[in-house]
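Each remark here refers to the structure printed beneath this line.
The values are calculated or read from the model by the stated rules, or taken from the named source; none is laboratory data. The structure displayed is predicted, hence computed values, not measured ones. Note that each Cβ is placed from the backbone with ideal geometry, even for glycine, and that neighbours are counted across all protein chains shown. Calculation scope for accessible area: heavy atoms of the full protein, side chains included, ligands and nucleic acids excluded. Shrake-Rupley method; radii C 1.70, N 1.55, O 1.52, S 1.80 Å.
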Amino acid sequence: MKVLIVIVCYKAVDLTIDCLRSLEPEIATVPGTKVAVCENGTGPDAVAQIEKAIETNGWSDWIELTAIHPNRGFTGGNNAILDPAVASDDPPEYFLLLNADTIVRPGALKQLVDAADADPAVGIIGPRLEAEDGSPQVSCFRFHNPLSELIQSACTGPVTRLLEQRDVVLGIPDSPVDVQWLSFACALVRREVLQQIGTFDEGYFLYFDDPDLCRRAHRAGWRMRYWPYARVMHLCGQSNPLVDLEKLKKRRPSYYYVSRTRYFAKYYGRTGLLAANALWNIGRLVSLTRETLGRKRPHLCKQEWRDIWTNFWSPLRMPDAQQKAQWR
């Protein structure tokens, strides 16, 4: 097998079927491509709907459906496919991690595979993500770091400019470029990367999983590359309510902060986590002062000053079944 495309579906049946429909003409462009869909605990009705779509459209020769229960989050849903595939006697050469809320533009799959084939040092390669109107979305980044927390909470031009090299967001390059991490709304991962560093860390239920895996790959000597000649439409937020919560400045679910805490403790230690939280609060003083003076609109979610301390005393503890049940 050349490519195994992995799609995780949770309460996103219609989006998943639309994504599969966009993949249908792409399969023939890269011989040896298959698709694995993980129905991640939505329920029997969702499984039946996807099975019916596969049968009705004649997709059964290139799609395999796996149903798991309960919902294991983004990481667990992907690992349900990745773990057995990576450990098999004949694993695929590449894995394309693809969100259910995406539409693959014509030629994108071949563009990514050809680019990866051309440079064996590249372990993960991602496309240009774009909205329905074709406008580009930010999809390549620097690693999160304590100073980036100050930038994010301050959200103030002079602070951002002063610490530009520590900002997470890289902008939207017009040409291929190596980056520190890529959005896993769509990312092609080389087999050898997962064989060397392992699959997703399931301590992240959702969020911070993509910078974590890219950081592990980077430490192992692999390069991450943004490839804008491949284009994928990303209906951002339609398969996850967090985007809408952020727009409305409502409180984020706790799994976001569990993942944030895990990431900073894993890569910067307890001291680094403390520094990240302290710098976040310094940035918050900046933004709060400007809001009080009427020079800035609020941009942070409710209770964020409190929620950033989630799991501080046990930052690397794996979520238990009861905790995960609250997130479903």
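A compact table of results
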| item | result |
| --- | --- |
| Cα long-axis angle, helix 254-292 against the chain (0 to 90 degrees, to the nearest 10) | 50 degrees |
| Nearest 10 degrees, 0 to 90: helix 13-27 Cα axis against the chain principal axis | 60 degrees |
| Under 5 Å, built H, 5+ apart or other chain: amide partners of V169 | R142 |
| Per residue, the convex hull volume that the Cα atoms of region 9-167 enclose (Å³) | 171 Å³ |
| Charged-residue dipole, Cβ positions (Lys, Arg, Asp, Glu), region 39-183 about Cα centre, Debye nearest 20 | 620 debye |
| Which listed pairs, of K2/K266; K11/K266; K250/K296; K11/K250, have C-alpha distances above 25 Å, in listed order | K2/K266; K11/K266 |
| Approximate spin-label separation D133-L163, in nm, with each point projected 7 Å along Cα-to-Cβ | 3.2 nm |
| Degrees between helix 209-219 axis and first principal axis of the chain (Cα, 0 to 90, nearest 10) | 90 degrees |
| Dipole of the chain [Lys/Arg +1, Asp/Glu -1 at C-beta], most positive-end residue of L96, T29, P253 | P253 |
| Ordering of 114-121, 202-209, 46-53 by burial proxy (mean other Cβ atoms within 10 Å per residue, highest first) | 202-209, 46-53, 114-121 |
| Lys, Arg +1 and Asp, Glu -1 on Cβ, resulting dipole of the chain about Cα centre, debye, nearest 20 | 1820 debye |
| Heavy-atom accessible area order for L293, L213, largest first, 1.4 Å probe | L293, L213 |
| Spin-label pair N281/I172, simplified geometry with 7 Å Cα→Cβ offset, distance in nm | 3.8 nm |
| Helical mean residue ellipticity (222 nm; -39500 (n - 2.57) per DSSP H run of 4+; nearest 500) of the chain | -13500 deg cm²/dmol |
